[in-house]
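Rule-based calculations on the coordinates, nothing more; no lab input. What you are looking at is a predicted structure, and each value in this text was computed from that prediction instead of being measured. All Cβ positions, even for glycine, are placed from backbone atoms using ideal geometry, and neighbour counts span all protein chains on display.
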């Protein structure tokens, strides 16, 4: 089953807001990654993290590799309408060739 | 963009019929993956390949088989489709040939409906 617990399951954003989501696991991962999926398309890699404690930014996105290696966080600052979509966390264990994915966080614009 | 194409992009079939989905890459990368996406479950790995004729099971492999007879093609077969296999299927390859950093490029997906 799913090894990664991603929260929140969904969120509504208003333009200009900062938003956060996180991913936790009972297992240790060597790599944490964040992907975004737009409607009708495949997921696209946003940020990859390879070291515990690492903080990495990609434009308005910032992600952190938790110090325990069992969690990761993604922050979006000053959100804009094109930030809507589904965000997935993913983890890869040492020596493995496959990723485990979270169930996703669906981001929607608040009317 | 990574050169990944999936076919067919949409398919409707009946329970009990065989179905094959094709993933084709032009990158000559070693690792290829098949995932299914369902609401509330995210992306779940079905099977993956780490080279020609080298494949392994993922977490939801029951009812699916795969084949990789050449580097560029990875086929996913449902021998006898069931309604529970109605889903969107994604193929993915690693971003770097020969290495597995976890960074994947995904295809655009194949939507399968089993009636």
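Legend: mean number of C-beta atoms from other chains within 10 angstrom of residue C-beta atoms, peptide A:92-98, equals 4. Descending by average beta-carbon neighbour count within 10 Å, the peptides A:13-20, B:59-66 line up as B:59-66, A:13-20, the highest first.
How far apart, in nm, are the 7 Å Cα→Cβ label points at residue B:53 and residue B:5? A separation of 2.8 nm, rounded to one decimal place.
A simple packing score, the average count of other Cβ atoms within 10 Å per residue, orders the peptides B:42-50, A:73-81, A:25-33 as B:42-50, A:25-33, A:73-81, with the highest score first.
Ranked by the mean number of other Cβ atoms within 10 Å per residue, highest first, peptides B:17-24, B:5-12, B:30-37 order as B:30-37, B:17-24, B:5-12. The length gained on full extension between residue B:73 and residue B:96, counted as 0.36 nm times the residue separation minus their Cα-Cα distance, comes to 6.6 nm. Projected over all directions and averaged, the alpha-carbon convex hull of chain A occupies 6.8 nm². Dividing the alpha-carbon radius of gyration of chain B by the rule-of-thumb value 2.2 N^0.38 Å gives 0.99.
Kirkwood analysis of segment B:34-100, using all unique Cα-Cα pairs, places the hydrodynamic radius at 12.7 Å. Counting only other chains, what is the mean number of Cβ atoms within 10 angstrom of the Cβ of each residue in peptide B:39-52? Across B:39-52, the average partner-chain Cβ count within 10 Å equals 4. Take the convex hull of the alpha carbons in the protein assembly as shown; its mean projected area over all directions comes to 12.0 nm².
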